[in-house]
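The values are calculated or read from the model by the stated rules, or taken from the named source; none is laboratory data. Note that the coordinates shown come from a computational prediction; the quantities given were computed from them, not determined experimentally. Reconstructed Cβ throughout: ideal geometry from the backbone, glycine too, with neighbour counts over all protein chains shown. When the accessible area is computed, the model is the full protein with side chains, heavy atoms only, and any ligands, DNA or RNA have been set aside. Shrake-Rupley method; radii C 1.70, N 1.55, O 1.52, S 1.80 Å.
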Amino acid sequence: MSTIKVDNIRIASESVSRPVTGVAAAWANIDGIGTVSIRGSLNSSTIFDRGTGRYEVSLTNSLASINSSAVAEGNAGLGQFNRVCSVMLDYPDAVELTCFNTDSNGKIDLNYVMYQVHGGLA
């Protein structure tokens, strides 16, 4: 496999380029019900069920720093709006997710748990 080294990228139809560091370092779409699994991902290898509403995903390639930017979202399906997920980057090689029902503030397993991490890779 060849590697192309660049500082900026631009899609052919765009008029401006952007730094490569603006591209997600990792992301995943997770099924968090029953036997948890990763539906689709980039730089995310293994998922662990850490209890109700808690998931940990190992990264294939570690982050350069835990001071990266991360966002998460979750939902239980159509019409379920009172759900939220938080993401923590306590370790450079894993993403920790916790999902809540905002009505009860209790942890909850969700059908769809998604996250993105932006930052450099080690």
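Name the single residue that is nearest to residue 25 (Cα to Cα) among those in the stretch 68-98 being part of a loop (DSSP other than H, G, I, E, B), open to solvent by less than 70 Å² (accessible area, probe 1.4 Å) and touching a residue at least 24 places away in the same chain (Cβ under 8 Å). Filtering first and then ranking leaves 68. Selection of first residues in the stretch 25-46 that are farther than 16 Å from residue 69 by Cβ and of second residues that are surrounded by 17 or more Cβ atoms within 10 Å (Cβ to Cβ) and among the acidic types (Asp, Glu), restricted to Cβ pairs under 6 Å at least 6 apart or on distinct chains, gives the following pairs, ordered by first then second residue: 32/109; 33/109.
Note on the stretch 1-62: enclosed strands (runs of 3 or more DSSP E) holding 1 or more residues that are more than 14 Å from residue 120 (Cα to Cα) and open to solvent by 50 Å² or more (accessible area, probe 1.4 Å) are 37-42, 44-49, 54-59.
Which one is modelled with the highest pLDDT among residues in the stretch 99-115 that are open to solvent by 30 Å² or more (accessible area, probe 1.4 Å), part of a strand (DSSP E or B) and within 19 Å of residue 44 (Cβ to Cβ)? Filtering the stretch 99-115 for residues that are open to solvent by 30 Å² or more (accessible area, probe 1.4 Å), part of a strand (DSSP E or B) and within 19 Å of residue 44 (Cβ to Cβ), the one modelled with the highest pLDDT comes out as 114.
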